[in-house]
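**Student:** This is the structure, below, for whatever I ask next.
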């Protein structure tokens, strides 16, 4: 669904769609997850690099990545014994940057 200014006033969500949007914002309601997404704006990173960037343990990173993957916010690529994570698509970056614009606007 493409949301344009012209169609914004006519949006009607099904219960399932409303639930998915609520789940998305719930996943983004965690400071560590927001920091993970911010770090991934710079490109793919492995678990240890993310842990260093965010300031939490690799185990905690792995826990958060499960939630982020379930919501299709990040994707993973295994290279040998390491797993590299990246933002799933440009919509994630746009959503994050719009959120930052909103926060910094005030």
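**Student:** So between residue 105 and residue 66, what do we pick up on full extension, going 0.36 nm a residue minus the alpha carbon distance?
**Tutor:** Working: separation 39, 0.36 × 39 = 14.04 nm, distance 3.12 nm.
Full extension from residue 105 to residue 66 adds 10.9 nm.
**Student:** Just to be sure I understand the model, the point goes 7 Å from the Cα along the line to the Cβ. What's the resulting residue 94 to residue 53 distance in nm?
**Tutor:** It works out to 2.2 nm between the two label points.
**Student:** Given q = 0.12, 0.15, 0.18 Å⁻¹, what are the Debye log10 I(q)/I(0) values for the chain, with equal point scatterers placed on the Cα positions and solvent ignored?
**Tutor:** Calculated log10 I(q)/I(0) at the listed q: -0.46, -0.69, -0.93.
**Student:** Now for a different question. Going by how many other Cβ atoms sit within 10 Å of their own, how do 10, 31, 57 line up, fewest first? Could the numbers behind the result be given before it?
**Tutor:** On the way: 10 6, 31 9, 57 12.
Taking fewest neighbouring Cβ atoms as first place, the list is 10, 31, 57.
**Student:** For labels at residue 42 and residue 25 in the simple 7 Å Cα→Cβ model, what's the distance in nm?
**Tutor:** 3.0 nm
**Student:** Just want to confirm a number: the relative contact order over the chain, from Cα pairs under 8 angstrom separated by 6+ residues, in percent. Write out the running numbers ahead of the final one.
**Tutor:** Numbers: 77 pairs, mean separation 24.5, N = 106.
Relative contact order, the chain: 23 percent.
**Student:** Roughly how many nanometres apart are two label points built 7 Å out from the Cα toward the Cβ at residue 18 and residue 32?
**Tutor:** 3.2 nm
Laboratory data are not the source of any read-out in this text; all were calculated from the coordinates shown. Note that this is a predicted model, so its numbers are computed, not measured. Because the Cβ atoms are built from the backbone with ideal geometry, glycine has one as well, and the counts that use them run over all protein chains shown.
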